[in-house]
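Structure first, commentary second.
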Amino acid sequence: MAYEIISGREFAGLPPEPDAKFAALEEICRRNMNAMITGETPEHYDQGIRTQYMAIIAAAAQELGFVGFGYPSDMQNPMQEFDDFLLRATATTTRIRLRSTSGSPEASVRLASKTRGRIEQQIQKLRQIISASELPEARRKGLLRKLDELSVELSQPRLSFAKVLAVLAAVSVGVGGATGFLAEAPQAIATITSLVGADKEAEDAEAARLGPPVTPQALPAPAKQIAAPARTRRELEDEIPF
């Protein structure tokens with residue numbers, strides 16, 4: 001069965017900057033991988049898709065200067081190694097997105113009600129994953145506090161990119177090295193990032209469609225009053241009735 005998790009057209013559409021290129025490539029490959037793996041596909045097919053994802057991201061990391069992404073060869077525990085790889089990819093792309101917004105703290109988005117609900121579901125999933133993990137208690141409590149911060153930010157009229165990505169970066173790093181739940185934690189983090197990005201793209205597209213706000217026209221200056229000419233005493237005396 002032939003499969004391809006990124007097309008030539010998608011490759012050609014990647015941004016030129018190394019950081020943005022890596023983040024965009026990883027997002028496309030992850031999205032396509034998740035769409036291709038279903039409950040009905042055979043395990044050997046799923047493993048082939050995961051291996052292809054890892055090979056592409058590892059090659060991109062080497063080419064673009066990112067470290068820590070080994071090629072998927074001689075894997076003794078394929079699922080565990082895939083989970084570790086996926087976690088590193090999530091942490092790396094989150095840091096890239098965080099850096100890209102650090103210079104513009106005003107960057108924010110108004111989320112749709114449906115999006116807020118879906119993000120809250122992912123936050124709850126992360127809470128359950130962290131609470132059930134074997135992480136040290138201090139780290140668990142710290143990560144749960146970070147998720148509390150994310151819930152508070154989610155309740156604001158506009159969601160700050162910098163705050164959200166800072167929390168997600170902390171959670172990505174915080175769960176590193178844990179076992180038993182890595183298959184879902186990176187996906188939950190990636191889903192939150194994707195949902196926020198989708199609403200921002202929709203907001204920017206709508207703003208572009210409507211164009212810049214109309215600048216109100218300034219009111220014209222009031223007409224200059226011309227003073228009546230001074231009247232002579234003779235003219236005034238002529239108007240006095242006798």
Unmet criterion (only one of (1) at pLDDT below 90; (2) assigned to a helix (DSSP H, G or I); (3) not β-branched (V, I, T)) for F181: (2)
Name the residues in the stretch 1-20 that are in a loop (DSSP other than H, G, I, E, B) and not small (G, A, S), would you? M1, Y3, E4, I5, I6, L14, P15, P16, E17
In the stretch 1-22, which residues are over 23 Å from the mean Cα position of the chain (by Cα) and among the hydrophobic types (A, V, I, L, M, F, W, C)? M1, A2
Sort out which residues of the stretch 128-155 are outside any helix (DSSP H, G or I), within 25 Å of R97 (Cβ to Cβ) and either modelled with pLDDT under 90 or touching a Pro at 6+ places or on another chain (Cβ under 6 Å) (or both), and write them in order of number. S133, L135
Residue check for G174: modelled with pLDDT under 80, closer than 30 Å to E81 by Cα and either under 17 Å from the mean Cα position of the chain (by Cα) or among the small types (G, A, S) (or both): yes
Identity of the residue in the stretch 68-83, more than 22 Å from the chain's Cα centre (by Cα) and part of a helix (DSSP H, G or I), that ends up nearest to A24 (Cα to Cα): F82
Output for the stretch 8-55, where each listed residue is among the hydrophobic types (A, V, I, L, M, F, W, C) and in contact (Cβ under 8 Å) with a residue 24 or more places away in the chain: A20, F22, A23, L25, C29, M33, M36, I49, M54
Looking for whichever is outside the structural domain of E206 (by TED's automatic domain parsing), charged (D, E, K, R) and under 28 Å from A162 (Cβ atoms) here; the options are R88, R139, R118. Which one fits? R88
Being in the same structural domain as F22 (by TED's automatic domain parsing), part of a helix (DSSP H, G or I) and more than 19 Å from K21 (Cβ to Cβ): is that true of G48 here? yes
Output the residue which, of all residues in the stretch 23-53 that are under 21 Å from S194 (Cα atoms) and over 22 Å from the mean Cα position of the chain (by Cα), is surrounded by the fewest Cβ atoms within 10 Å (Cβ to Cβ). T38
Enumeration of residues in the stretch 54-67 that are β-branched (V, I, T) and either surrounded by 16 or more Cβ atoms within 10 Å (Cβ to Cβ) or assigned to a helix (DSSP H, G or I) (or both): I56, I57
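The values are calculated or read from the model by the stated rules, or taken from the named source; none is laboratory data. Model, not experiment: these values are computed from the prediction. Note that we place each Cβ from the backbone using ideal geometry, even for glycine, and neighbour counts take in every protein chain shown.
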